[in-house]
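Enquirer: This is the structure I want to talk about, given as structure tokens.
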């Protein structure tokens, strides 16, 4: 099974932060509102802080194709490129911080081909898919719409796909 398939199977699809061992005031308040539906801004903030807690730098929110956003406006893709597939311990720091912020985490799920692993993370109505992997240009192209497949390139690092059926307005595709 390819890593791209892991991303589809486990979910819907650079900031720095405190280490996940000691909840901050903002972490505690985020966890206390876990029952309330999070906004796109809150989800992105949680992702930025969690990725920073894992020691990753250079998080980017990748522009989402406008046609895709037209069909489902509440989604995003964030990623951090790394020289090698991220260590499981660093990704565990990311998921640990998300847990502190009120998210439920399932995984890790192995890709089965040794190329990576992923997690499914939820906080209603949001679903996130975290994938740590090395993905070939050809595998990345399978995720792009027709006419844009030639834009694909090899990728190694941490990818986070996020989506929710709750949005009515298109969200900005990048920050």
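Quick note: the coordinates plus some simple rules give every number you see, no bench work behind them. Because the structure is predicted, anything quoted here is derived from the model rather than measured. When we count neighbours, we look across all protein chains shown, and the Cβ atoms used for this are built from the backbone with ideal geometry, even at glycine.
Enquirer: Could you tell me the extents of region 98-153's C-alpha atoms along the three principal axes, largest first, rounded to whole Å?
Expert: Principal axes ranked by extent give 39, 27, 13 Å for the Cα atoms.
Enquirer: When 1/r is averaged over all different Cα pairs and the result inverted, which Kirkwood radius in Å belongs to region 35-175? Each step should come with its number before you reach the end.
Expert: Values: mean 1/r = 0.0648 Å⁻¹.
Final number for the Kirkwood radius of region 35-175 is 15.4 Å.
Enquirer: Taking the mean number of other Cβ atoms within 10 Å as a proxy for protection, how do you rank 100-107, 65-72 from highest to lowest?
Expert: Going from most to least packed, we get 100-107, 65-72.
Enquirer: Given region 69-139, report the % of alpha carbon pairs whose separation exceeds 19 Å.
Expert: Working: 1005 of 2485 pairs.
That fraction is 40 percent.
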